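Remarks on the structure that follows.
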């Protein structure tokens, strides 16, 4: 006769449920309970590949030219102005008269320095993630770290925030993949009908299309792969990462032979100000290294391998970004990439104009497409793990934490995540809403950095395989940088973000807080 296992007692860390923190030991014990245990099959290089898969997308082939050439625009309303612009203009002149006219000066070839400086800024947050991931090797990333350090209400806010980040970013990438794939097929004479390959709703009106089928199809295929198992998904991601790194190396070799050193002059046409504003544009190409921490429960040796995966992916991505920017801006003058085809696909444009062979250009196209697919795969993976972790903590319905008896994956969460992203991808066109992903990520970075400071004070003796140096200064630098970059986003992005958080708080108040283990 089998004995029933008594659940671990609930220990409150505060009289107020909102600020109750979950025991790290209890979190680890729950992750090992039968029926909720995930398969541990990821090593250090698979984790590194997850980070590279998320960070290196199509942006490396597209955004470099835009950041080097600068951006010039007039915001149509105060909602589309940057929060930082409003603050600066108000402090200078007591009003907002000059806010609507703004832009970003060209960084020129010094965009390579921008990529390096942004990597340094991200590394502060990356070190904080590495310490907490080695201490709390649990699926859920920043959500779980916040539950263990700040309290239930902060955990809910960051979990709800991460859902927004993953959904919006993948909807945007899926739509971009559809448009890019359609254009490349057309160049080979295969034209997909617009009715089944373009958004149904765009710029506030119906387009006449029925459904963006390629955008939905790629999400559906990746969902099937993720349900089948993390080992299979990681192997597929490893292959895609190898392909896109290979494409980047091909570009560096082919493009390097076409470099004219005169194009590197002037190196910094706008001085240090151009380097900083270029960094504001390219910062968001680095978003995604935090997704490594969502794989904590499926890592064979999380205490050692998670810090390695986070830091190694940041270093490798930085070297690739800097290399591409140096070669591209040596191939053509930075002013070439201001508008038109050169701005939309700078790498492909430079290769075509300078007479590179068709096979090398085709490799770049394949690299861009696999870059998008691997980004989609990693973010779909991370999204399902966030929902799984929140369900296991009883803040989401129980079925979200169901684990497939054969594949050992959170299959219900994975399928729901697939349709939550796939259906909007087939209907809508998303433009400036992509900034929602950026503000959500920066908010998560700030809370994780704060969590490191708190745990150093509340649990100083807990073993730490990896330690952030110079605490609290490094985490504080991370928080300041994140808040500063959030201020660089538009007013409409802040409004949408607040509306999303209010909606989440309503769900927490009327549902989740009553089901929490701290409710009684």
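The values are calculated or read from the model by the stated rules, or taken from the named source; none is laboratory data. These numbers were taken from a predicted model, which means no experiment stands behind them. Here Cβ is always computed from backbone atoms with ideal geometry, including for glycine, and neighbour counts include all displayed protein chains.
From the list 216, 251, 220, which residue is in contact with a helix residue (DSSP H, G or I) (Cβ under 7 Å, 6 or more places away or on another chain), part of a helix (DSSP H, G or I), modelled with pLDDT of 90 or more and over 30 Å from residue 43 (Cα atoms)?
Details: 251 fails: over 30 Å from residue 43 (Cα atoms); 220 fails: over 30 Å from residue 43 (Cα atoms).
After applying the criteria, what remains is 216.
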| field | Residue count for the stretch 217-238, restricted to those that are under 16 Å from residue 180 (Cβ atoms) and surrounded by fewer than 22 Cβ atoms within 10 Å (Cβ to Cβ) | value | 1
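Would you call residue 466 outside any loop (DSSP other than H, G, I, E, B) and buried (at least 18 other Cβ atoms within 10 Å of the Cβ)? Can you show your working first?
Working: outside any loop (DSSP other than H, G, I, E, B): no; buried (at least 18 other Cβ atoms within 10 Å of the Cβ): yes.
Here the answer is no, as residue 466 does not meet what is asked.
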| query | Which ones in the stretch 320-343 are assigned to a loop (DSSP other than H, G, I, E, B) and surrounded by fewer than 22 Cβ atoms within 10 Å (Cβ to Cβ)? | reply | 333, 338, 339, 340
| Somewhere in the stretch 295-307, is a residue surrounded by fewer than 24 Cβ atoms within 10 Å (Cβ to Cβ) and within 23 Å of residue 116 (Cα to Cα)? | no
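Just to be sure before I move on: is residue 412 more than 29 Å from residue 279 (Cα to Cα) and at pLDDT 90 or above in the structure I sent? Working first, answer last.
Working: more than 29 Å from residue 279 (Cα to Cα): yes; at pLDDT 90 or above: yes.
Judged against the criteria, residue 412 is a match.
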| said: Go through the stretch 473-495 and report how many residues are under 21 Å from residue 307 (Cβ atoms) and touching a residue at least 60 places away in the same chain (Cβ under 8 Å). | reply: 6
| remark: The residue from 470, 442 that alone is in contact with a helix residue (DSSP H, G or I) (Cβ under 6 Å, 6 or more places away or on another chain) and either at negative phi or without any contact (Cβ under 8 Å) to a residue 60 or more places away in the chain (or both) is 442
| said: Checking the structure you have, find out if any residue of the stretch 270-289 is surrounded by fewer than 16 Cβ atoms within 10 Å (Cβ to Cβ) and touching a helix residue (DSSP H, G or I) at 6+ places or on another chain (Cβ under 7 Å). | reply: no
| message | Condition (residue is closer than 21 Å to residue 83 by Cβ and in contact with a strand residue (DSSP E or B) (Cβ under 6 Å, 6 or more places away or on another chain)) applied to the stretch 415-433: is it met by at least one residue? | response | no
| task | Return only the number of the condition from (1) farther than 30 Å from residue 297 by Cα; (2) surrounded by fewer than 20 Cβ atoms within 10 Å (Cβ to Cβ); (3) at pLDDT 85 or above that residue 205 does not satisfy. | result | (3)
| remark: Scanning the stretch 323-345 residue by residue, those at pLDDT 85 or above and within 15 Å of residue 251 (Cβ to Cβ) turn out to be 323, 324, 325, 326, 327, 328, 329, 330, 331, 332
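When you check residue 181 against the structure, is it at pLDDT below 90 and either in contact with a strand residue (DSSP E or B) (Cβ under 6 Å, 6 or more places away or on another chain) or part of a helix (DSSP H, G or I) (or both), yes or no?
yes
Quick grid of which residues meet (1) in contact with a strand residue (DSSP E or B) (Cβ under 8 Å, 6 or more places away or on another chain); (2) buried (at least 21 other Cβ atoms within 10 Å of the Cβ); (3) closer than 20 Å to residue 500 by Cβ:
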position: 139; (1), (2), (3): no, yes, no
position: 144; (1), (2), (3): no, yes, no
position: 147; (1), (2), (3): no, yes, yes
position: 166; (1), (2), (3): no, yes, yes
position: 169; (1), (2), (3): no, yes, yes
position: 173; (1), (2), (3): no, yes, yes
position: 186; (1), (2), (3): no, no, no
position: 191; (1), (2), (3): no, no, no
position: 195; (1), (2), (3): no, no, no
| Hey, any hits in the stretch 38-54 for a residue that's surrounded by fewer than 17 Cβ atoms within 10 Å (Cβ to Cβ), at pLDDT 75 or above and more than 23 Å from residue 300 (Cβ to Cβ)? | no
